[in-house]
Amino acid sequence: MPTRLLSHRSSATGAIPTPHPEVRLPLARAHEACGPARRSFALWLAGQMQGPVLWLAPAWGADRPNPDGMIAFADPGRFIFVHPVRADDLLWCMEEALRSGAVPLVVADLPGPPPLTPVRRLHLAAEQGAALGAPPLGLLLTPGDGGAPGVETRWHMAPSHLGAARRWRLTRTRARTLPPRTWLAEQRSPRAGLELRPVHAPGTGCGDAEIDTGQTP
C-alpha cells in the first residue's frame, strides 16, 4: 500500500476570505490570536466561513461567548461548544478534530500558550484532515501577547471603540512571509465583516498615523 508523506507545509492554497488582502490565514495550519479581543477575532473569522465551528474551552473557565454578542459576527447555531475537564484534553480534542476533517474551523480557548511539540502536531493533524476533504483551520486563543511557538500566524486584537462605533486595533505580530502590521478594524453593521484601515507609526508622514490613539474598551 502506498504511503502518503505529509509535507512540513500545507499543500492547501485556500485562505479565509477577509476584508483586506494582507489578513490571510492559510488553511490546514494552526494559527494564534491573542489580546483582550481574541474571541472577537475568532468570531469574525467564523463569520467569514461556512459550516460548523468547534469551540473548545476549559470546563473551569468563566469567560464564555454569549449568543447576544456572537450574533453580530456569526450565527450562534453554527457553534459546537466542548468543555474538557483537563487542560491536556483541550489540545488533544483540537488535534483529533483537525485530523478528522469534519469541521472547517476549530477554536481552542487556552489558559496559556502551548509548547512547540503540540503545535507541530496540530499542523500535521490539519494536513491529514485536508486529505479527507476541505482543509480545516485551527485557531489557538491565548491571553496577553500570546507566544505559542511554531504557529503559522499570530494576531493581536484589542478594543478601540469610540462612542457607538465598534472598533478594534488588529496587529499581525507574526507571519512567515509578511512583516508585522497594524490596522484599525471597524464593524459598521452586524454580519458585515470588518473594514480595515492601516495604522502607521507617528512621524512617518502618513495620513493614517493618528487613526487610533489607544481608546479604552
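The residue pairs whose first member lies in segment 161-186 and is more than 20 Å from residue 38 (Cβ to Cβ), whose second member is in a loop (DSSP other than H, G, I, E, B), and whose beta carbons are closer than 6 Å, counting only pairs six or more residues apart or on different chains, are 162/215.
Look at residue 125 and say whether it is buried (at least 24 other Cβ atoms within 10 Å of the Cβ) and under 15 Å from residue 55 (Cα atoms). When the stated conditions are applied, residue 125 does not pass them.
Selection of segment 113-145 for residues being among the polar types (S, T, N, Q) and touching a residue at least 60 places away in the same chain (Cβ under 8 Å) yields 128, 142. Taken across segment 141-163, residues that are under 22 Å from residue 80 (Cα atoms), of a type outside the set (Val, Ile, Thr), modelled with pLDDT of 95 or more and open to solvent by less than 40 Å² (accessible area, probe 1.4 Å) do occur, with at least one present. Here residue 148 fulfils each of the conditions (1) assigned to a helix (DSSP H, G or I); (2) in contact with a helix residue (DSSP H, G or I) (Cβ under 7 Å, 6 or more places away or on another chain); (3) among the aliphatic types (A, V, I, L, M); (4) in contact (Cβ under 8 Å) with a residue 60 or more places away in the chain apart from (1).
Is it the case that some residue within segment 74-83 is small (Gly, Ala, Ser), at pLDDT 95 or above and surrounded by 17 or more Cβ atoms within 10 Å (Cβ to Cβ)? No, that holds for no residue.
Of the residues screened, residue 166 is one that is more than 14 Å from the chain's Cα centre (by Cα), within 24 Å of residue 73 (Cβ to Cβ), basic (Lys, Arg) and surrounded by fewer than 19 Cβ atoms within 10 Å (Cβ to Cβ). For segment 90-98, the condition of being free of Cβ contacts under 8 Å to residues at least 24 places away in the same chain and either touching a helix residue (DSSP H, G or I) at 6+ places or on another chain (Cβ under 6 Å) or open to solvent by 30 Å² or more (accessible area, probe 1.4 Å) (or both) holds for at least one residue.
The values are calculated or read from the model by the stated rules, or taken from the named source; none is laboratory data. Note that this is a predicted model, so its numbers are computed, not measured. Cβ sites come from the backbone with ideal geometry, for glycine too, and all protein chains shown count toward neighbours. Ligands, DNA and RNA are excluded from the accessible area calculation, which covers all protein heavy atoms including side chains. Shrake-Rupley method; radii C 1.70, N 1.55, O 1.52, S 1.80 Å.
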